[in-house]
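K.L.:
My questions will all concern the structure given below.
Nothing in this text is a laboratory measurement; each read-out follows from the coordinates by a stated rule. Because the structure is predicted, anything quoted here is derived from the model rather than measured. In this analysis, Cβ positions are derived from the backbone assuming ideal geometry, glycine residues included, and neighbour counts consider all displayed protein chains.
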Amino acid sequence: MKALPKGQYIKHFQYGLGVITESNEQRTSIDFDIHGMKKFVTGLMAVDPAEGTPPKRSRAKRSKKLVTALLPAATAGAQ
């Protein structure tokens, strides 16, 4: 089986609807709507093109790093 185009909306019998994120002749990665990212052997997977357009995915939000300030009491006890 040939590589599938990136961004194609597909339907898998077990995992449901998903979007091709990477594909070559050996491996294909699919981001499924409910089950998340899965990797398949391209030649063995059974998928069909899905009708419609894929839902918009929200970007993963970055968490802010907490900066801990040195407390004068903590530094005074270390001396």
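K.L.:
Counting other Cβ atoms within 10 Å of each Cβ, which GluC sites (Glu not before Pro) in the stretch 1-59 have at most 14 and sit in a DSSP loop?
P.N.:
In loop regions of the stretch 1-59 (DSSP not H, G, I, E or B), the sparsely surrounded GluC sites (Glu not before Pro) are Glu25, Glu51.
K.L.:
Let me ask another. May I ask you to order 40-46, 9-15, 28-34 by the average number of other C-beta atoms within 10 Å around their residues, highest value first?
P.N.:
Result, highest mean first: 28-34, 9-15, 40-46.
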